[in-house]
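Structure, as structure tokens:
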Amino acid sequence: MKTVAVTGGIGSGKSTVCAILSSMGVPVYDSDSRARALYDEQPALVSRILDEFAALGVHDSLWDECGELDRKKLAGLVFSSPRLLSALEGIVHPAVREDFLSWKESIGEKEWTGPGDVPFVVIESAIITEKPLFRDIVDKVVEVRASRAARLDRVRKRDGAPVKEIEKRMSAQAENASAPDAVIINDSSLDELFPAVSGVFSSLWQQPPFCSEPFQNRL
């Protein structure tokens, strides 16, 4: 079973593209949400993070008032420190990789509901092309792109964050250094995005278009 990485910068519309694929019956693994879930599912993972941070001089408590990992505080720390970010990724990324491979194995080709005889799963991640750890598990890369103005507007409406903060987050994301296998431009409506997604993914393996029915009708 093949693996396609869907990547792109903040506000590009990766999640919307993956929602469209999911509506077509394609299994989608959201690496960000699964990474957050692993914090809850694997206490040993959190312990390793705390021990590593303590070794790097971080002695502030990372627990919230409910006794759970304060993800917002953790994000604030790593966002301002490349060293802490590297330490966190060195622990979390191998766990996400193992979790993805287990998930993919559990899917099985029998779950495929799309056309043709080339089943695949999708992993959604903004950073996957930057990380050598994930290169051997990905067969194709599809990058979602949108204009800067469109991305700013989407994130502002979604998160309610100030424009300067969004621009800072956008600037912090590295450009994709390698050429993707396909590009989806997401500057217009869902009705136009749906056939674009269908066409791009079908063309990866010379399959007929998945579906021409508007995305909204499939929800």
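Checking 114, 108 one by one, the residue that is surrounded by 13 or more Cβ atoms within 10 Å (Cβ to Cβ), out of contact with any strand residue (DSSP E or B) (no Cβ under 8 Å at 6 or more places or on another chain) and modelled with pLDDT under 90 is 114 and no other. Which residue is modelled with the highest pLDDT, if the candidates are limited to segment 170-184 and must be loosely packed, with under 12 Cβ neighbours inside 10 Å and assigned to a loop (DSSP other than H, G, I, E, B)? So, considering only residues that are loosely packed, with under 12 Cβ neighbours inside 10 Å and assigned to a loop (DSSP other than H, G, I, E, B), the one modelled with the highest pLDDT is 179.
Out of segment 1-45, which residues are among the charged types (D, E, K, R), surrounded by fewer than 21 Cβ atoms within 10 Å (Cβ to Cβ) and part of a helix (DSSP H, G or I)?
Residues satisfying the conditions are 32, 34, 36, 40, 41.
Of the listed requirements (1) open to solvent by 70 Å² or more (accessible area, probe 1.4 Å); (2) outside any helix (DSSP H, G or I); (3) out of contact with any helix residue (DSSP H, G or I) (no Cβ under 7 Å at 6 or more places or on another chain), residue 187 misses just one: (3). For segment 80-89, a tally of residues being exposed (fewer than 13 other Cβ atoms within 10 Å of the Cβ) and assigned to a helix (DSSP H, G or I) returns 3.
Is at least one residue of segment 156-169 part of a loop (DSSP other than H, G, I, E, B), more than 16 Å from the chain's Cα centre (by Cα) and closer than 17 Å to residue 125 by Cα? Give the steps one after another, and end with the answer.
Our first condition is that a residue be part of a loop (DSSP other than H, G, I, E, B); within segment 156-169, this holds for 160-162.
Adding the requirement that they be more than 16 Å from the chain's Cα centre (by Cα) leaves 160-162.
Retained after the next criterion (residues that are closer than 17 Å to residue 125 by Cα): none.
The answer is no, given that none of the residues of segment 156-169 is part of a loop (DSSP other than H, G, I, E, B), more than 16 Å from the chain's Cα centre (by Cα) and closer than 17 Å to residue 125 by Cα.
Looking only at segment 70-79, which residues are over 16 Å from residue 89 (Cβ atoms) and surrounded by 12 or more Cβ atoms within 10 Å (Cβ to Cβ)? Selection gives 70, 73.
The values are calculated or read from the model by the stated rules, or taken from the named source; none is laboratory data. If you're wondering where the values come from, they're calculated on a predicted model, not measured in any experiment. Glycine also receives a Cβ, built like all others from the backbone with ideal geometry; neighbour counts cover every protein chain displayed. What goes into the accessible areas is simple: the full protein's heavy atoms, side chains included, and nothing from ligands, DNA or RNA. Shrake-Rupley method; radii C 1.70, N 1.55, O 1.52, S 1.80 Å.
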